[in-house]
1. Please give me, ordered by residue number, the trypsin sites (Lys or Arg not before Pro) of segment D:261-367 that lie in loop per DSSP and have at most 15 other Cβ atoms within 10 Å.
2. Where the label is 7 Å out from Cα toward Cβ, how close does C:Arg355 come to the same position in every other copy, in nm, shortest first?
3. What number, in percent, do you get for the relative contact order of chain C if the mean sequence gap of Cα pairs under 8 Å and at least 6 apart is divided by its residue count?
4. Based on the Cα gyration tensor of the protein assembly as shown, what are the three equivalent ellipsoid semi-axes, each the root of five times an eigenvalue, rounded to whole Å and given largest first?
5. Give the separation of the Cα centroids, segment D:39-98 to segment D:152-169, in Å.
6. Name the residue farthest towards the positive end of the dipole of chain B from the options B:Thr252, B:Thr337, B:Ile25, assuming +1 on Cβ of Lys and Arg, -1 on Cβ of Asp and Glu, about the Cα centre.
7. When the expected Rg is taken as 2.2 N^0.38 Å, what fraction or multiple of it is the alpha-carbon Rg of chain A?
8. Only bridges whose two residues both fall in chain D count here: according to DSSP, what percent of them are antiparallel, nearest 5?
There are 4 protein chains.
Amino acid sequence: MMGHNKNFDIPKEMGAWVLNDPDNINIVKKPVPQPKEGEVLLKIDAVAICATDLEIISHGNPARIEGELPFNKNYSPGHEAMGRVVKLGEGVTEFKLGDRVAVEIHAGCGRCEMCRKGWYTSCLNYGFASKGHKANGFTTDGAFAEYMTNRTQTLVHVPDDMSDEEATLAVTAGTSMYTLDVMGGLFAGQTMVVTGPGPIGLCAVGVASALGAEVVLTGTRDNRLEIGKKLGANHVVNVKKQNPVEFVRDLTCGIGAHYVLECSGAANAINDASAMIRRGGKIGLAAFPSKPVEVDIANLVRNNAYIYATRGEGKSACHRAMALMAQKRFDAKLIHTHTFPMKDLQTGLKYTRERIEDAIKVVVRNDERLI
Amino acid sequence: MMGHNKNFDIPKEMGAWVLNDPDNINIVKKPVPQPKEGEVLLKIDAVAICATDLEIISHGNPARIEGELPFNKNYSPGHEAMGRVVKLGEGVTEFKLGDRVAVEIHAGCGRCEMCRKGWYTSCLNYGFASKGHKANGFTTDGAFAEYMTNRTQTLVHVPDDMSDEEATLAVTAGTSMYTLDVMGGLFAGQTMVVTGPGPIGLCAVGVASALGAEVVLTGTRDNRLEIGKKLGANHVVNVKKQNPVEFVRDLTCGIGAHYVLECSGAANAINDASAMIRRGGKIGLAAFPSKPVEVDIANLVRNNAYIYATRGEGKSACHRAMALMAQKRFDAKLIHTHTFPMKDLQTGLKYTRERIEDAIKVVVRNDERLI
Amino acid sequence: MMGHNKNFDIPKEMGAWVLNDPDNINIVKKPVPQPKEGEVLLKIDAVAICATDLEIISHGNPARIEGELPFNKNYSPGHEAMGRVVKLGEGVTEFKLGDRVAVEIHAGCGRCEMCRKGWYTSCLNYGFASKGHKANGFTTDGAFAEYMTNRTQTLVHVPDDMSDEEATLAVTAGTSMYTLDVMGGLFAGQTMVVTGPGPIGLCAVGVASALGAEVVLTGTRDNRLEIGKKLGANHVVNVKKQNPVEFVRDLTCGIGAHYVLECSGAANAINDASAMIRRGGKIGLAAFPSKPVEVDIANLVRNNAYIYATRGEGKSACHRAMALMAQKRFDAKLIHTHTFPMKDLQTGLKYTRERIEDAIKVVVRNDERLI
Amino acid sequence: MMGHNKNFDIPKEMGAWVLNDPDNINIVKKPVPQPKEGEVLLKIDAVAICATDLEIISHGNPARIEGELPFNKNYSPGHEAMGRVVKLGEGVTEFKLGDRVAVEIHAGCGRCEMCRKGWYTSCLNYGFASKGHKANGFTTDGAFAEYMTNRTQTLVHVPDDMSDEEATLAVTAGTSMYTLDVMGGLFAGQTMVVTGPGPIGLCAVGVASALGAEVVLTGTRDNRLEIGKKLGANHVVNVKKQNPVEFVRDLTCGIGAHYVLECSGAANAINDASAMIRRGGKIGLAAFPSKPVEVDIANLVRNNAYIYATRGEGKSACHRAMALMAQKRFDAKLIHTHTFPMKDLQTGLKYTRERIEDAIKVVVRNDERLI
């Protein structure tokens, strides 16, 4: 039974994976952190590995703008986490000891103009912990560790009947949900193209389908597309075999889709999106090519397109994503393919990087002490 | 006195500039059109020439998507018009004979999904007059003629103390207003960069400044920038002499502007916009480069940027623009530089094309019969 | 088989229920109407009876404002209809002969300020057919007749596997959907109280539940509440047995619900709603008491409440409602209890008025000629 | 010169007006508070007295919901304040010593659902300082004191050329601005009725007029209405002499106003508003009658009215209001009628309560030590 024993033994020290120079990440012994006012201490149970973790570990935080933030070292990456509340900071009554929670990545400074209007994932003090900003595993200590502190606003309750592994996917699904929210959120009966069947794309299929959209998923790998179908995609297009723009225009009697949510990062993705949407259509960008690409801006303007480039999981989207998962409106577990102990993080990273055994989401579990 | 004599003599025939093949436009004698139900007949008084008229006359409607609409011929261009109501179609009580009105370009079909939600400039039946769509001077007969029929929804009252020439600018100002509306409309105290001091950019300066924004105008010609200052720009940057991205970042303590409204069509404009805005900033596109350009999409995503590519003067923006003009919140007349009789349309087009005598807005007046 | 025979025999004359003075409604023989440009002729198959039909027939259009619209007579009521397209007006290509369609009530004038921004159910020319406004069965001929003409923008495709009777409920569900849309539409995981288990309340339960809300339904009749459960309500409260405000505050740890959608018209409903919501909560009004009632406005302001009083089924909400019904996300058929031939309309009205045999939605079918 | 001497002598102790039981407020000597992380210490220069201060002092915080918050005592009221930054808490770089600032009332907890979406004036932890909520002069120590601490997010820069007295009005104008923002913010050329020429109503006139609305102000006192004209009202109606509903309907050709912003608290105000607006019109509630009143809800629904009951000065509205004041778009100084030394607060309260010498805004200045 979860939570029946509220006397949590919290050690003085813990093991944590700590990143030094690029690609140099090791287990280090360090004090268990203490929750400050408005924070809780979490015992980490499970953490999903994100492609961004690979990027962070090898090249640094992709969110940083050149010259603004240095390569972040001497801290723990890991940002798709869940665990149990084992200690309450001052003033915390929203959660109690033993609560199982998933953790949103971003806590804004609360004082800049963006935070004041609720755009906390675009905090103008991004990266400045001294101003109160926190992005787990990006700019502050994350979840590849035995314990982590977090502010209450980042926590989402996990239902009793949901596994730890599934719960780690709330952040991925919340990221998809955020872009969908921003694009409008009233999808029932409308056509939504999701380009790229990575974890965010697949979760987007699940969420959009749960909300009533007619979903087209495009990608290059049939096995991923098959998972997309199980998550609710009405149509899948293997772009190696079929022209996705033509497919979408045919499907929509030549008018084009209402929405394209781009999750592939492919070089031509935005032009394809522009060619797929109808006049007044909306494009969400949850991925991007690493280098500048040629874009036909004229066609975007002709189509009166709106483009929403989103960061993270704002607008409390993780709560909405978790609600749909709890109601079993889509089966996020389909995305989880492998599990390793947290001490084998390196293996997990390797599986993720090399897509060994068709790995999609690899989860590391913190069941045995790291030290 | 305007309107004191309501017995308008309407001839049977009129002169109209009619476009045939590219660059072949001539005065033709044709019957004066009759207003249908919900329409009025306008005696045209003045029409401003838009850069898009040059494009339409030489290359066709820029809104058309390849293969969708052919080069439109045997019709009259001209879409920045004002005139007097001289005949009422059935069921029209909103206007009376003699009313002076400016004319919005677009009337949607009223039945497609976009029109049903009020996005009539993105009508899914664009170009299909048989479905009820109308875009004066783009897809249906426009204002380079003695008379024109229009639906009542496209008409905006002109105040008695406003000149005909100023009234023609309501469409340009309405186009700027539309993008500003879409970007949020609450600008007081916020930083708005307008790139490109053409007529739409200059009107955008006027409108944004009237609404309380701190406006930065960038361009290449000092005389245009000077007019921008008179229209309310707080800062001007001649990009030949100063780096506009650095200027904006310095002005905003490194954070970046809230908004960039791109009106230049320059190849690097969108990357500059992306570098000028703050996280969560918004970019409006009222112009575009004719060919695909390199875009750093990663930076847009890092900045959580939203991009609004707009078409035309939707959301009744002409009414709001005209209201600010009527209240003399900005002086649109500064943009009007030349006037010719309508029969000298070719001269007007030449002045516009070649920017003779620093022409900005050239107006043609319909004071004497064309035939 | 639907639609296999496209040679529809359309008679010259039809039977239609025509309202004269209050409560005086009879079958009359009249010419079958002809579809104008942008219209289709429908052969009516089924029409659901709405409580508003009773109101219209006995007291006139409830939407009319005193002195503005007279008691509407010499026309046919009936506004929750479906049928088949049997003739196309000029310019119609969106639909083809034989298409099964449900019909939205409102077509706006398309030219007033409200229509221009997409609020066609609040058309400023409401009731003025000469301006192009149409509200089937309210201000213009409705569906208690063998045939009806309609503009294409009011038509929603009916899936092949949906019964005629279920399809008539698209308007009711669309009305619920509209208020839900206006209240925000992002409900997953949020608490929505629906007060009043009439057809609109029950459809609201279905829609809100399909979109992931945690739904509380309140009412006075256990059988209706049971149907609410089948439509997805997570909690039901019989207000004769339990205090609904206390229930909602307990359920939400004292904070209150996110949303209340009032569908009862009860005298104290708005005060209850105000007491049920959290700070910043939203109240939708889809019903109203016929006489002025005491309202504690101070509490609304303390709660920073927003109240959305909606009319009809705007924002293309019928399309979204129909999409959820087509996907079988909720079972609207549960609301349909009785069917009569259209010539027995009086019996249907009586069942609806007196709730004979617990009637909820009574449908009349047009299978045999009325004349 | 402001701020040229940055060596601020901060005493150990200060005088502060402290409220005990209802109507019992006295100067008390107490330690000068110390700014915590993210806070600054302000030397108060001037504070405007609000009608709500009278309410707070005599009856308690009007925002409290019965049984939720007790009568707040042993603290200092005063919430329309400005002063100088004299000490910086840890991590504060946004402000420097000597900066002149006006102060927003509300700082949310930053962790509840409302704060996360930017609705910090509707914080679900309202009144719980232990959770991080703060409402100056309502729930935490306010400005009727020599010094006050504040979080940086509540501070708005005061331009050098603006007097202290004018700067205190930023909160009042921000409160008006907030409701205007929420109602839509795109007012140019639209009709806005402001009912009640108190300070919030008069500021609303100034703001709405600056944004291009056609403003009608209604009230009972001609001298207040005259000030309204100077602030930009296009029309004023003394409701003792003229029926304001008839006036508005005549002005709008019978259609009704786009917006009514109710600032009077009169018993029939909401019914009048409902009768004044057009279909689809919006009503803002910035005031309310203390007791329940009869409301004709049917008319609200017929009109498809949306009602926005707002609290405080959210959405960073004070920044926008201050920007318009700094640009001299309206003259808030017209509202300021009297000034007293802070030690004569009781006189100021009396002038406000009894409207002595037609007092509107009475300001108390902190120029000499209170102790």
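1. Filter output for segment D:261-367: D:Lys328, D:Arg355.
2. Taking the point 7 Å beyond Cα along Cα→Cβ, the inter-copy spacings are 5.0, 6.0, 7.5 nm.
3. 17 percent
4. Details: eigenvalues 446, 319, 272 Å².
Listed largest to smallest, the semi-axes of the protein assembly as shown are 47, 40, 37 Å.
5. Going from one Cα centre to the other spans 15 Å.
6. Farthest towards the positive end: B:Thr252.
7. Working: Rg = 20.3 Å, N = 371, 2.2 N^0.38 = 20.8 Å.
With N residues counted in chain A, Rg over 2.2 N^0.38 Å equals 0.98.
8. Around 55 percent of the beta bridges assigned by DSSP in chain D are antiparallel ones.
Here, each number is a calculation from the coordinates, and none is a lab measurement. Computed from a predicted model, the values in this text were never measured in an experiment. Reconstructed Cβ throughout: ideal geometry from the backbone, glycine too, with neighbour counts over all protein chains shown.
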